[in-house]
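Below is one structure, written out as structure tokens; comments come after it.
The values are calculated or read from the model by the stated rules, or taken from the named source; none is laboratory data. None of these values were measured; they are calculated from a predicted model. So basically every Cβ, Gly included, is an ideal-geometry build from the backbone, and we count neighbours across all protein chains shown. All accessible areas refer to the heavy atoms of the entire protein, side chains included, with ligands and DNA or RNA removed. Shrake-Rupley method; radii C 1.70, N 1.55, O 1.52, S 1.80 Å.
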Amino acid sequence: MRRALTAGTAVALVGGAAMWVVSTAGAQGGGTVEVEGKYSGAPVLEKLKVNKDTEQCGTETVIEKVVVGSNKGLAYAVVSAPGAKGATKTKTVIDQHGCKFVPHVVAMPPGEVELKNSDGILHNIHTYSTANPPINKAQPKFKKTMTEKFEKPEIIKLTCDVHSWMIGWVAVTPGVAAVTDKDGVAKLENVPAGKQKIQVWHETLGKQEKDVDVKAGATTKISFEMKSK
Ligand SMILES: [Cu+2]
């Protein structure tokens, strides 16, 4: 009787191990979604004369509202797969450099963000948010880094009250997300195979949603086009 029980336990363990192997293979069995954003209109750039902190800020700046690259590629669009959970990412860093937020748009999982002040002048972090507590904090010239937390999914506008033209965006997304580069391309890695929704957001052009059928171990390409409002 005792022997039979032992044998039964061993079989169950082997069964458990086999299932574990299968589920690991499933987690790695995602695919890549390559998203290409297009905008057929002209870039929208607002030039401004600057008369303060000109040593760091320059005497003219550009507010980039719609940035269009080669082949009509739309830059700075946030692309995300809300159905792809458990995104891991290295620490998110936003620098204040040349009196601009660099990068202009970031996508990050809920958690910490490091705000750098490489200009070495007074900046001020002022966020506009509803799900996350708003931040309105001076970052004096001697404070090279500040760490803040955005724990709730939301698109947060970042401004500086010292330099009115400074605008940045932080897309806090629980799923896999990326920002389109200067040619309008963003890659979402490790998206689970099968039908997924892809959400697109642009600061002045709005939102779109696309369906994609993700193939394990392969790259699926999709595109979207945004129009001026
Ligand atoms: Cu500033």
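A few remarks follow.
- For the chain, 160 stand unpaired, since no other cysteine beta carbon lies under 4.7 Å from theirs.
- Centre-to-centre separation between the Cα atoms of region 69-123 and those of region 128-158: 13 Å.
- Between 93, 126, 110, the Cα set farthest toward the positive side of the dipole of region 64-127 (charges on each charged residue's Cβ, about the Cα centre) is that of 110.
- Placing a label point 7 Å from the Cα of residue 148 along the Cα-to-Cβ direction, the residues of region 89-104 whose backbone N falls under 18 Å of that point are 91-104.
- For residue 122, the accessible area of its heavy atoms, probed at 1.4 Å with every protein chain present, is near 90 square angstrom.
- Rounded to the nearest 10 degrees, the angle from helix 2-28 to the longest Cα principal axis of the chain is 30 degrees.
- Share, in percent, of DSSP beta bridges within the chain that are antiparallel, nearest 5: 75 percent
- Qualifying trypsin sites (Lys or Arg not before Pro) for region 95-182 [loop in DSSP, other Cβ within 10 Å: at most 16]: 141, 143, 144, 182
- Residue 223 accessible area, 1.4 Å probe, all protein chains in place, Å² to nearest 10: 70 Å²
- Shown in residue order for region 213-220 are the 3J(HN,Hα) couplings computed by the Karplus curve 6.51 cos²θ - 1.76 cosθ + 1.60 at θ = phi - 60°: 9, 7, 9, 4, x, 10, 9, 9 Hz (x for Gly and Pro).
- Cα centre as origin, Lys/Arg/Asp/Glu Cβ charges: the chain dipole, Debye: 520 debye
- GNM top mover of 42, 177, 186 - the chain, alpha-carbon springs below 10 Å: 42
- Cross-link pairs beyond the 27 Å C-alpha cut-off, checked among 65/116; 85/207; 137/207; 91/137; 182/207; 137/210: 137/207; 137/210
- Dipole-positive endmost among 140, 208, 194 within the chain (Cβ charges, Cα centre): 194
- Counting only aspartates and glutamates at least 8 places from residue 149 when in the same chain, those with an alpha carbon closer than 18 Å to its own are 95, 112, 114.
- For a modelled paramagnetic label at residue 49, 7 Å from Cα along Cα-to-Cβ, the residues of region 145-173 in reach, with backbone nitrogen under 20 Å, are 163-166.
- Checking every one of the GluC sites (Glu not before Pro) in region 136-229 against DSSP loop status and a limit of 15 other Cβ atoms within 10 Å picks out 151.
- Ratio Rg/Rh, restricted to region 95-156 and using Cα atoms, in which Rh is the Kirkwood radius: 0.95
- Accessible surface ranking that places the most exposed of 129, 70, 164 first, with a 1.4 angstrom probe: 164, 70, 129
- Here the gap between residue 204 and residue 229, fully extended at 0.36 nm per residue and compared with their Cα-Cα distance, gives a gain of 8.2 nm.
- Across the protein chains, with a 1.4 Å probe defining accessible surface, the residues 68, 33 rank 68, 33 from largest area downward.
- Solvent-accessible surface (1.4 angstrom probe) belonging to residue 215, in square angstrom, nearest 10: 110 Å²
- Taking the 1.4 Å solvent-accessible surface of region 74-207 as the whole, the part contributed by carbon and sulfur is 55%.
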